[in-house]
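Peer 1: Mind looking over this structure? Questions follow.
The values are calculated or read from the model by the stated rules, or taken from the named source; none is laboratory data. Computed from a predicted structure; not experimentally measured. So basically every Cβ, Gly included, is an ideal-geometry build from the backbone, and we count neighbours across all protein chains shown. Heavy atoms of the whole protein, side chains included, go into the accessibility calculation; ligands, DNA and RNA do not. Shrake-Rupley method; radii C 1.70, N 1.55, O 1.52, S 1.80 Å.
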Amino acid sequence: MKKIYILFGLAMALVISGCEKSPQDIIDSSGEYVNIADGFSLINYSMQLNVVDAADYRFPVEDATVTVEGYDADLIFESGGSREFKLTRGQLQLVVNPSFEPEEGNPLNFTVIINAPGYLPVRKEFRMFNTDKEKFVTLPMVNISNPPSGAAVATEQFSLTGGELTTTEIITVNASGDKVMGGSITIPAGTKFYDVNGNQLTGGTLDVQMIHFDGTNDACIAVMPGGGIYKDLISTPDGVFAGKVFPVSFADVQMFVSGTKVKTFNNPIEIATEIAPDAININTQTTFMVGDELTLSSYDEEKPYLSVEETLVVEEVNGTLMAIGHTSHLTHFEIEIIDGSVFIAVWDGAIDLLGGSGLPLSENCNKVINFTVPGTGTSERTFYMEFVEEQYGLKNVYTSGPKTVYNGSSVSYHYYGYPNESDYELHIYEGVDQTHKGNLLYTFDLDSGCDTNNTVTLDASLFSSDIIFKGSASCANGTVEKPSFYLYQKPAGASLWEYIYIGHVEDGQLTINSDITQDGQTYDYWTLYNNKIYETTYTVDYSEANQLDFPLDANTCMSLFGS
């Protein structure tokens, strides 16, 4: 098995017409554009977002509206230097203004919000540390008409009289197939409905949609609001604290009166969810029983914290354990295990708790993993890795993505608020991205506590000798040297969904193993810059210096080299 160095000359300069500043005088990102000029090698920090359908990660989400907000949003640009954020083949490359560099222990904080027709919105908080030179992040979105495994949809329409519901109505999702928990909402007779501004809605029809998710299903956990990680701010009657989130179940509920979205009600509605028979209450370290306490909490977009509202008690209904609560506003709701207590957390449109508000964070921790690969010299390989915590059958993938390692290299995982006694695992897969991660190769137990060093030894048979690729992307009047960008590959002529992410090209070089790129095979390659796709086709030949060339469009050539 061999690996391949790919040297590229793809033009990744970010030049904005009419900007007179030089590369040494980059703007302070207070405007709408940043002039990076004369080569993508000036970009020190970038992130590629891979936005996919949660039911099948092979299919990208298109036609989405993307916004970036939060405490450090003014430092974040699209790869072409503008703030025109949009998805192209489900991809978006974000870059940090090169005049700024995160300080150690003080990461950038920003939030990405994505809305797409037919999908539940995604709101994701990101932190970029000074060690995060590049990141590849897969964001699954829930297709309302085709939710992922462990989820089901219920829709109903009811008549209103003078904007009021005259009979009590129940909307139910049943357990069936790979879905092990059911749930329901009950709207009492006499309920009136109000919009976000508090105005009563007086239309004649009420449309209700509920998507219910099993929190014990990995596909559902991947799209859970808050996603099974520590929460820095949970507001309770006793004060604000940080808590660990392990989901049991959650749901998204939306209502519309004659097409206008409902926000609140005059009467509380009932939210009921079954509890999986094998779900564990970590207070008792046994399965749930009648009398166990739960907590109903809510989260509004205007508040950067989870707010506890009501203490609940597990009850048995027709032989099934249920958690039943009430809310006067439309939300996402969850059953969660947090800091040794079980919570039903009610959300309102947010995928992550902190929104870059600048509020104080809990303890910043760091785990360093040092890799040893005996007998490989400088050979390296990219693996898909997951930083995982699993307790009582509930799996929390705190973070994941491709990591390139070699003998003597190290990988750092940063996180907030985790207690020192928590134990975690590093999962290493044979593939390079979440869609094609392949078989699990290794599971390593990591030392507990903050700021720990861990040593992981990998088998040398996973690594190979070196093959060098050289490449260029030329215009009629010039070539740009040593770019940095994210690269995709598929067999030539194959469907678009067969593209896989194979790595980040840095300063014109990328290492690829021959189990991904085979000798004598022809592949299609593509990359993204300035919301445009650049493609080329190439046949790999191990016996000679290989050359890739990405043709550039006329406008890019003009901006790079002039007439």
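Peer 1: Looking only at region 495-509, filter to residues that are hydrophobic (A, V, I, L, M, F, W, C) and within 18 Å of M385 (Cβ to Cβ); which one of those is least open to solvent (accessible area, probe 1.4 Å)?
Peer 2: I502
Peer 1: List the number of the failed condition for N197; all other conditions in (1) assigned to a strand (DSSP E or B); (2) at pLDDT below 95 hold.
Peer 2: The failed condition is (1).
Conditions tested, residue by residue: (1) under 26 Å from I211 (Cβ atoms); (2) at pLDDT below 85.
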{"site": "M47", "(1), (2)": "no, no"}
{"site": "Y57", "(1), (2)": "yes, no"}
{"site": "A64", "(1), (2)": "yes, no"}
{"site": "E78", "(1), (2)": "no, no"}
{"site": "K86", "(1), (2)": "yes, no"}
{"site": "L92", "(1), (2)": "yes, no"}
{"site": "N97", "(1), (2)": "no, no"}
{"site": "E101", "(1), (2)": "no, yes"}
{"site": "E104", "(1), (2)": "no, yes"}
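Peer 1: Right, next: Would you confirm whether any residue within region 116-133 is open to solvent by less than 30 Å² (accessible area, probe 1.4 Å), touching a Cys at 6+ places or on another chain (Cβ under 8 Å) and of a type in the set (A, V, I, L, M)? Break it down into steps so the answer makes sense when it comes.
Peer 2: Within region 116-133, the subset open to solvent by less than 30 Å² (accessible area, probe 1.4 Å) is 116, 120, 122, 125-126, 128-129, 132.
Pick out the ones that are also touching a Cys at 6+ places or on another chain (Cβ under 8 Å) and you get none.
The answer is no, given that none of the residues of region 116-133 is open to solvent by less than 30 Å² (accessible area, probe 1.4 Å), touching a Cys at 6+ places or on another chain (Cβ under 8 Å) and of a type in the set (A, V, I, L, M).
Peer 1: Go through the residues of region 23-32 one by one and say whether even a single one is open to solvent by 70 Å² or more (accessible area, probe 1.4 Å), modelled with pLDDT under 85 and of a type in the set (G, A, S).
Peer 2: Residues of region 23-32 open to solvent by 70 Å² or more (accessible area, probe 1.4 Å): 24-25, 28, 30, 32.
Next cut, modelled with pLDDT under 85 only: 24-25, 28, 30, 32.
Okay, now just the ones that are also of a type in the set (G, A, S), so 30.
Within region 23-32, one or more residues are open to solvent by 70 Å² or more (accessible area, probe 1.4 Å), modelled with pLDDT under 85 and of a type in the set (G, A, S).
Peer 1: How many residues, within region 538-556, are loosely packed, with under 13 Cβ neighbours inside 10 Å and modelled with pLDDT of 85 or more?
Peer 2: 1
Peer 1: Here is a further query. Going through region 83-101 one residue at a time, which ones are under 24 Å from T527 (Cβ atoms) and open to solvent by 10 Å² or more (accessible area, probe 1.4 Å)?
Peer 2: Matches in region 83-101: R83, E84, F85, K86, L87, T88, R89, P98.
Peer 1: Now for a separate question. Where residues in region 174-189 are touching a strand residue (DSSP E or B) at 6+ places or on another chain (Cβ under 6 Å) and modelled with pLDDT of 95 or more, which of them is least open to solvent (accessible area, probe 1.4 Å)?
Peer 2: The qualifying residue least open to solvent (accessible area, probe 1.4 Å) is I187.
Peer 1: In addition: Among (1) under 14 Å from T67 (Cβ atoms); (2) out of contact with any Pro (no Cβ under 7 Å at 6 or more places or on another chain); (3) not acidic (D, E), where does N109 come up short?
Peer 2: (1)
Peer 1: In region 162-191, how many are closer than 21 Å to G204 by Cβ and of a type in the set (G, A, S)?
Peer 2: Residues meeting the conditions: 4.
Peer 1: Taking strands (runs of 3 or more DSSP E) that fall entirely within region 63-174, which contain at least 1 residues that are under 25 Å from G401 (Cβ atoms) and among the charged types (D, E, K, R)?
Peer 2: 65-69, 76-78, 122-128, 134-141
Peer 1: Which fully enclosed strands (runs of 3 or more DSSP E) of region 282-370 have 2 or more residues being open to solvent by 60 Å² or more (accessible area, probe 1.4 Å) and modelled with pLDDT of 85 or more?
Peer 2: Filter on region 282-370 gives 315-317.
Peer 1: Does region 102-115 contain any residue that is within 22 Å of A272 (Cβ to Cβ), polar (S, T, N, Q) and open to solvent by 30 Å² or more (accessible area, probe 1.4 Å)?
Peer 2: no
Peer 1: Identify all residues within region 144-179 that are among the hydrophobic types (A, V, I, L, M, F, W, C) and within 20 Å of M224 (Cα to Cα); write none if there are none.
Peer 2: Taking region 144-179 first, the residues among the hydrophobic types (A, V, I, L, M, F, W, C) are 144, 151-154, 158, 160, 165, 170-171, 173, 175.
Across region 144-179, the qualifying residues are I144, A151, A152, V153, A154, V173, A175.
Peer 1: Name the residue that is most open to solvent (accessible area, probe 1.4 Å), counting only residues in region 519-535 that are in a strand (DSSP E or B) and over 13 Å from Q93 (Cβ atoms).
Peer 2: E535
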